[in-house]
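S.K.: Below is a structure I'd like to ask you about.
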Amino acid sequence: MVTLAGGTSSYRAKPRPGTGPAHRADWKLALLLILPAAVGFIVFAAGPVLRGIYLSFTRFRILTPATWTGLDNYRRLLGDDVFWKSLGVTVQYVILSVVLGLAVSLATAVIMHRLTRSTVIRGLVLLPFLVSGVVAALV
């Protein structure tokens, strides 16, 4: 509280934002709400990725314990002609599928924008694209 020359004060200093009991309660609630997603990420994404990185430096068979080989697996991989061939095919496939996919999507969007503003007709035109993806995902 600030005292003025007359001895009275009507000014109270406001607490800084992000402090106080309400902020601590919000922080606890935020952590509680993030916890399921964080556990799912650790169990289903980060854990398997880290295990895969570890196993890439070992000689691993299903029924035997992993033995550390260091960078030997990567040395063999870089000298393998099949790896380089498959990498080239994969890069070609990704480039073609991305370029063609974007071109078809952009052309479809431009044509639909110029032909109609009706969401029903746009939905009917897009329905075959959506259904094929859903069916492929389910199969």
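The values are calculated or read from the model by the stated rules, or taken from the named source; none is laboratory data. Everything quoted here is computed from the prediction, not taken from an experiment. Counting neighbours? That spans all protein chains shown, and the Cβs are built from the backbone with ideal geometry, glycine included. The area values use the complete protein model at the heavy-atom level, side chains included, leaving out ligands, DNA and RNA. Shrake-Rupley method; radii C 1.70, N 1.55, O 1.52, S 1.80 Å.
S.K.: What is the calculated FRET efficiency for Ala30 to Ile53, with r their C-beta to C-beta distance and R₀ = 30 Å, to the nearest 0.05?
M.R.: 0.45
S.K.: Oh, and also: Would you please give the residues with an amide H less than 5 Å from that of Thr58, counting only those at least 5 places away or on a separate chain, with H modeled from the backbone geometry?
M.R.: Thr69
S.K.: Quick one: grab the alpha carbon gyration tensor of region 65-135, order the square roots of its eigenvalues as a ≥ b ≥ c, and give me rounded if a/c is under 1.5, else prolate or oblate depending on whether a/b is larger than b/c.
M.R.: prolate
S.K.: Still on this structure: For a label point 7 Å from the Cα of Thr69 along Cα→C-beta, name the residues of region 75-112 whose backbone N is under 17 Å from it.
M.R.: From region 75-112, the list is 75-84.
S.K.: Give me the net charge for the shell around Thr69: Cβ to Cβ below 13 angstrom, other residues only, Lys and Arg +1, Asp and Glu -1.
M.R.: Charge balance in the 13 Å sphere: +3.
S.K.: Okay, moving on. Return the distance in nm (one decimal) between the two label points of a simple spin-label model at Phe60 and Val91, each offset 7 Å from Cα along Cα→Cβ.
M.R.: 2.7 nm
S.K.: Continuing with this model, one more query. Under the definition of Cα pairs under 8 Å and six or more residues apart, what whole-number percent is the relative contact order of region 40-94?
M.R.: Values: 22 pairs, mean separation 10.6, N = 55.
With pairs under 8 Å counted, the relative contact order is 19 percent.
S.K.: So how exposed is Arg24, as accessible area in Å² (1.4 Å probe, rounded to 10)?
M.R.: 140 Å²
S.K.: When a/c is below 1.5 the answer is rounded, else prolate if a/b is larger than b/c, else oblate, so apply that to region 16-139 with a ≥ b ≥ c taken from the square roots of the Cα gyration tensor eigenvalues.
M.R.: oblate
S.K.: What does the extension gain come out to for Leu77 and Val139, with contour length at 0.36 nm per residue minus their alpha carbon separation?
M.R.: Net length gain for the segment: 19.0 nm.
S.K.: Apply the a/c threshold of 1.5 to the C-alpha gyration tensor of region 41-90 and tell me whether it is rounded, prolate or oblate.
M.R.: Oblate, because a/c is 1.5 or more while a/b does not exceed b/c.
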